[in-house]
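Step one of this worksheet: look at the structure below.
The values are calculated or read from the model by the stated rules, or taken from the named source; none is laboratory data. Just so you know, these numbers come straight off a predicted model, no measurement behind them. Here Cβ is always computed from backbone atoms with ideal geometry, including for glycine, and neighbour counts include all displayed protein chains.
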């Protein structure tokens, strides 16, 4: 049945929006705000469960990371033993709020404010695009169940003014604004958490804000509806949708329930779409990927986009910078840093469609055992670069339902918002930089190091580095045995780190010395100090220059070099990097 309800392609859906944007309103759930740093209902439920468990069992709250599946299982088993609502029950949210707070609405309010503190908001690209659509009146009406202020914040950044909000104890004039076409209209179904009637318990949800409901029902007879980031878990909201279907002209521009993956679909959603079709409504379930990905695709399909709004949406675009060099003299107003600008990142990789929870501890064990030639992203969904055939070395082939392309509409934003995506790109970057060089890649304390390969230390590519560490015109050693430690060896090395600053990506380089085995590094402290002691400015500058030349074949002059790894594979990451180090100029 899911297949028939999903009989509208994503391309047709995007084309429909491009043609009918003004006739479509939006309904946002908590899933749209998660990448902006806001918790979903599920996140809050687990936090409340953890609080209760730790209080009852006298456990340390900080030692119970609810992102750890084993911790979740332990807590859930305990709650099940108490006869509490089963995992995923619609009653969980209300039950645990009542269990923790009772009727203390002040304490509830403080808790929810901490959870949705505006200071935690990290604007995602999806909300910036929706804010731009509101500014352009290509989106006119938005309803939400969310407590957060993400869309308001995005609108103030993109549009330069405040977004009027209709909520339970604020303005009651949502229906009046709709009738008067006072756009944009942004209405919060459950009320705003800053007010005492939080409306998040089931008894309150049943008696939802009737005034805003009236506005939704009226709007449903004028506009189509796009639902995003919403699970459909609230019976009263589903009832409101069904009431709208009883109108004289329900959702004239269509009803579209968007989901990242079809596997996430609840039966209540399928029932709603079936009911809508019986009423003659163009109703579909659309698999669109995340809210950010969907809005990025919508923006790309619009024919006329004001440049000023585009600049506010894509704040992470690389801007060319040219700092003129000063004339020769005896002052030093400009410092050359050890950061190279990353001009371009890969926009495409692959994702694994898997029909079971993934245990990354087991996956890591298989990676160590079978050495697949891939770069794996520990995300949901699981991402990778390399050949799809390598995936079957570490994943159960019976549970892999497919391999699909995955697009990063804005890599910098993805890197900013996810540590896992950051690690995914950093691994691809350092492997691309070191690929096909006389180097071995090592890692210590989450930092990657390019280390001279002992077996290839006479490679001609390394001759400039030997000259840089030499003295009086003679070449020096770049590898050797640590004095007094017959089983320890040293080699010239370079630390490699990905860094994001002010919406730009940088490759940070720092010359160093690597000790093998690494456990002997503490015993080589005196040797390392003596080795680095006389590396003053001129030699440090030359070392950095030679390392850049080794990695990229050139240095300076604003040259840009493309590097990649996993050659001849279906999904190959490629980066474009400037070989001219960044400058820092002292202020006057």
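Points to keep in mind about this one:
- One residue alone among 574, 549 is in contact with a helix residue (DSSP H, G or I) (Cβ under 8 Å, 6 or more places away or on another chain), closer than 22 Å to residue 453 by Cβ and in contact (Cβ under 8 Å) with a residue 40 or more places away in the chain, and that residue is 549.
- Strands (runs of 3 or more DSSP E) within region 273-392 that include 1 or more residues modelled with pLDDT under 90: 283-287, 334-336, 339-344, 348-354
- For region 344-363, the criterion of a residue being farther than 25 Å from residue 72 by Cβ, surrounded by 17 or more Cβ atoms within 10 Å (Cβ to Cβ) and over 24 Å from the mean Cα position of the chain (by Cα) is satisfied by no position.
- Selection over region 431-476 of residues that are outside any strand (DSSP E or B), in contact with a helix residue (DSSP H, G or I) (Cβ under 6 Å, 6 or more places away or on another chain) and under 23 Å from residue 373 (Cβ atoms) gives a count of 2.
- Under the condition of being within 22 Å of the chain's Cα centre (by Cα) and either assigned to a loop (DSSP other than H, G, I, E, B) or at pLDDT 90 or above (or both), the residues counted in region 241-262 number 3.
- Screening the candidates 197, 203 for the property of being outside any loop (DSSP other than H, G, I, E, B), at pLDDT below 65 and more than 26 Å from the chain's Cα centre (by Cα) yields one hit, 203.
- Matching option when the condition is closer than 26 Å to residue 237 by Cβ, buried (at least 16 other Cβ atoms within 10 Å of the Cβ) and either touching a residue at least 60 places away in the same chain (Cβ under 8 Å) or touching a helix residue (DSSP H, G or I) at 6+ places or on another chain (Cβ under 6 Å) (or both), among 39, 90: 39
- Which listed residue, of 370, 399, is loosely packed, with under 14 Cβ neighbours inside 10 Å and in contact with a helix residue (DSSP H, G or I) (Cβ under 7 Å, 6 or more places away or on another chain): 370
- Lone unmet requirement of (1) outside any helix (DSSP H, G or I); (2) at pLDDT 85 or above; (3) within 27 Å of residue 96 (Cα to Cα) for residue 238: (1)
- Residue within region 49-67 that is under 22 Å from residue 119 (Cα atoms), modelled with pLDDT of 90 or more and not assigned by TED's automatic domain parsing to the domain that holds residue 294 present: no
- Within the set 446, 442, the sole residue that is closer than 30 Å to residue 463 by Cα, in the same structural domain as residue 573 (by TED's automatic domain parsing) and without any contact (Cβ under 8 Å) to a residue 24 or more places away in the chain turns out to be 446.
- Residue 132 surrounded by 15 or more Cβ atoms within 10 Å (Cβ to Cβ), in a loop (DSSP other than H, G, I, E, B) and at pLDDT 90 or above: no
- Test for residue 20: is it in contact with a strand residue (DSSP E or B) (Cβ under 9 Å, 6 or more places away or on another chain), touching a residue at least 40 places away in the same chain (Cβ under 8 Å), under 22 Å from residue 259 (Cα atoms) and surrounded by fewer than 17 Cβ atoms within 10 Å (Cβ to Cβ): yes
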